[in-house]
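The values are calculated or read from the model by the stated rules, or taken from the named source; none is laboratory data. Model, not experiment: these values are computed from the prediction. Note that each Cβ is placed from the backbone with ideal geometry, even for glycine, and that neighbours are counted across all protein chains shown. Calculation scope for accessible area: heavy atoms of the full protein, side chains included, ligands and nucleic acids excluded. Shrake-Rupley method; radii C 1.70, N 1.55, O 1.52, S 1.80 Å.
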Amino acid sequence: MGDEAVPFLSIIVPIYNVEPYLRKCIESILKQQFVDFELILVNDGSTDNCPTICEEYAERDARIIVIHQENGGLVSARKAGLTIACGQYIGYVDSDDWIEADMYSALCDAARKFDVDIVICDIVENYSEQEVKRTQFVAPGLYRKDRMKQEVYPVMLYSGQYFRFGLFPSVSNKLFKRKLLEKFQFEVDERIRLGEDVACTYPCLLEANRIFILQDKYLYHYRQTPSSMTARYDDKFFEKILVLCEQLNDCKRKTEDVVPNFTEQLQYYFTYLAIAAVQNEFSRHNHKRFHKKKSLIKKILAHEDIHKALHAVQLKEMPLKSKVYIRLLKKQQIQLLYVLVLVNRFSSDMRDFNPVVTKG
């Protein structure tokens with residue numbers, strides 16, 4: 001691009017203590033076939049060697065801009081990057097992930113060809129010993145508003161299969177028109193620490209007039225690390241869920257006329273959050289006595305949104321494990337829930353119903 005040209009694309013990478021993965025992430029971006037971009041690295045108060053790595057790459061490539069800020073969380077870092085972004089379109093890459101060399105050429109070509117608000121590709125989940133390709137439930141192709149109302153909105157958060165979204169909530173496998181993204185990214189509550197992508201992606205989709213879904217393009221590599229539910233305990237987890245619930249309920253109020261079944265979709269999503277909260281409370285790193293864990297879980301299950309969701313969702317089409325889990329939640333069988341969590345902690349297919357494995 002010319003010295004004074006505005007880049008077509010701004011790529012934003014929020015960074016916090018990911019030193020072992022950061023170089024691979026940045027290298028995958030710099031190796032893109034598409035070159036008309038600026039790369040904004042947002043160091044969100046990292047305490048490892050990430051700040052030095054960012055500056056090192058900025059010295060090598062004039063397209064790189066580095067922001068250093070105090071730790072404010074993922075939402076804060078994304079906002080910081082978006083604030084200075086100049087591109088017509090915006091892409092996000094998580095700093096522990098990486099992308100295929102043709103990812104942004106494919107996304108940007110579609111954006112230019114069809115003049116759409118959002119372009120979407122499929123993803124690859126990379127585990128320590130295998131990788132799994134994940135395809136959107138919504139079919140590939142061009143969607144104008146009328147078609148979105150008929151085929152996309154009714155299945156955005158719940159496709160009819162439990163914990164299978166119609167469109168992945170992740171912001172990172174998407175390209176957004178900057179003007180659209182600015183309207184909703186800055187509205188995301190910075191207290192949200194779970195579902196940061198959900199709170200931004202779905203409002204953008206609801207506002208968009210045209211989107212395009214690429215076919216058979218598995219371009220974004222999502223590094224799957226052990227679930228945060230088993231790796232650590234977060235004593236603020238339920239509070240964070242409530243912030244997300246509040247934001248999603250606000251979205252529902254604004255879109256009930258456009259998406260008549262949005263309430264139903266949210267109910268399924270809230271059951272994911274309930275399961276996540278219970279698993280967090282039963283983390284091996286939570287050293288509270290059982291009666292205190294039980295007390296908080298009862299408080300979680302008594303919350304209006306969670307209570308309504310658990311009693312409204314239909315169990316018929318759910319996997320057996322999910323049916324058992326939700327039945328125990330509804331009946332507040334806390335001790336049996338604990339046994340189920342322990343059993344599935346050692347189960348190789350735990351991620352089948354663990355709602356925090358998939359980003360967003």
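Against the condition open to solvent by 60 Å² or more (accessible area, probe 1.4 Å) and modelled with pLDDT of 95 or more, how does Phe186 come out, does it pass?
yes
Report, ordered by the first and then the second residue, all pairs with beta carbons closer than 8 Å, sequence separation of six or more or different chains, a first member in the range 298-314 that is under 15 Å from Gln333 (Cα atoms) and touching a residue at least 24 places away in the same chain (Cβ under 8 Å), and a second member that is surrounded by 12 or more Cβ atoms within 10 Å (Cβ to Cβ) and not hydrophobic (A, V, I, L, M, F, W, C).
Qualifying pairs under 8 Å: Lys298/Gln332; Ile300/Glu281; Leu301/His307; Leu301/Gln332; Leu310/Thr271; Leu310/Lys330.
For the list (1) surrounded by fewer than 22 Cβ atoms within 10 Å (Cβ to Cβ); (2) at pLDDT 95 or above; (3) out of contact with any His (no Cβ under 8 Å at 6 or more places or on another chain), I need the number of the one condition that Glu100 fails.
So the condition that Glu100 fails would be (3).
Residue by residue through the range 26-46, note down the ones that are surrounded by 23 or more Cβ atoms within 10 Å (Cβ to Cβ) and assigned to a helix (DSSP H, G or I).
Ile26, Ile29
Looking at the range 316-332, I want the residues that are within 14 Å of Asn344 (Cβ to Cβ) and open to solvent by 10 Å² or more (accessible area, probe 1.4 Å) and have a partner that is aromatic (Phe, Trp, Tyr) and outside any helix (DSSP H, G or I) with Cβ atoms under 8 Å, at least 6 apart or on another chain. Which pairs are those?
Pro319/Tyr162; Pro319/Phe353; Lys321/Phe353
For (1) under 21 Å from Arg193 (Cβ atoms); (2) of a type in the set (A, V, I, L, M); (3) open to solvent by 20 Å² or more (accessible area, probe 1.4 Å), each residue gets a yes or a no:
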{"residue": "Val6", "(1), (2), (3)": "no, yes, yes"}
{"residue": "Val13", "(1), (2), (3)": "yes, yes, no"}
{"residue": "Glu56", "(1), (2), (3)": "no, no, yes"}
{"residue": "Glu59", "(1), (2), (3)": "no, no, yes"}
{"residue": "Gly81", "(1), (2), (3)": "yes, no, no"}
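Could you list all residues from the range 181-210 that are among the hydrophobic types (A, V, I, L, M, F, W, C) and closer than 17 Å to Asn249 by Cα?
Result: Phe184, Val188, Ile192, Leu194, Val198, Ala199, Cys200, Cys204, Leu205, Leu206.
Give the range 276-286 a look and list any residue that's assigned to a loop (DSSP other than H, G, I, E, B) and either without any contact (Cβ under 8 Å) to a residue 12 or more places away in the chain or within 13 Å of Leu336 (Cα to Cα) (or both), or say none.
Residues of the range 276-286 that are assigned to a loop (DSSP other than H, G, I, E, B), as a first pass: 282-286.
Within the range 276-286, just Phe282 meets the criteria.
For the range 47-82, which residues satisfy the criterion of being of a type in the set (Val, Ile, Thr) and either in a strand (DSSP E or B) or farther than 20 Å from Ser170 by Cα (or both)?
Thr47, Thr52, Ile53, Ile64, Ile65, Val66, Ile67 - these are the residues of the range 47-82 that are of a type in the set (Val, Ile, Thr) and either in a strand (DSSP E or B) or farther than 20 Å from Ser170 by Cα (or both).
Please indicate, with yes or no, whether at least one residue in the range 251-262 is open to solvent by less than 20 Å² (accessible area, probe 1.4 Å), assigned to a helix (DSSP H, G or I), under 26 Å from Gln333 (Cα atoms) and touching a residue at least 24 places away in the same chain (Cβ under 8 Å).
Scanning the range 251-262 turns up no residue that is open to solvent by less than 20 Å² (accessible area, probe 1.4 Å), assigned to a helix (DSSP H, G or I), under 26 Å from Gln333 (Cα atoms) and touching a residue at least 24 places away in the same chain (Cβ under 8 Å).
Can you pull out the residues in the range 114-148 that are open to solvent by less than 50 Å² (accessible area, probe 1.4 Å), part of a strand (DSSP E or B) and closer than 20 Å to Glu100 by Cβ?
Selection gives Ile118, Val119, Ile120, Cys121, Asp122, Ile123, Val124, Glu125, Asn126, Val132.
Taking Gln161 as meeting all but one of (1) among the polar types (S, T, N, Q); (2) in a helix (DSSP H, G or I); (3) surrounded by fewer than 20 Cβ atoms within 10 Å (Cβ to Cβ); (4) touching a residue at least 40 places away in the same chain (Cβ under 8 Å), write down the number of the exception.
(2)
Every residue in the range 1-36 that is modelled with pLDDT under 95 and acidic (Asp, Glu), please.
Asp3, Glu4
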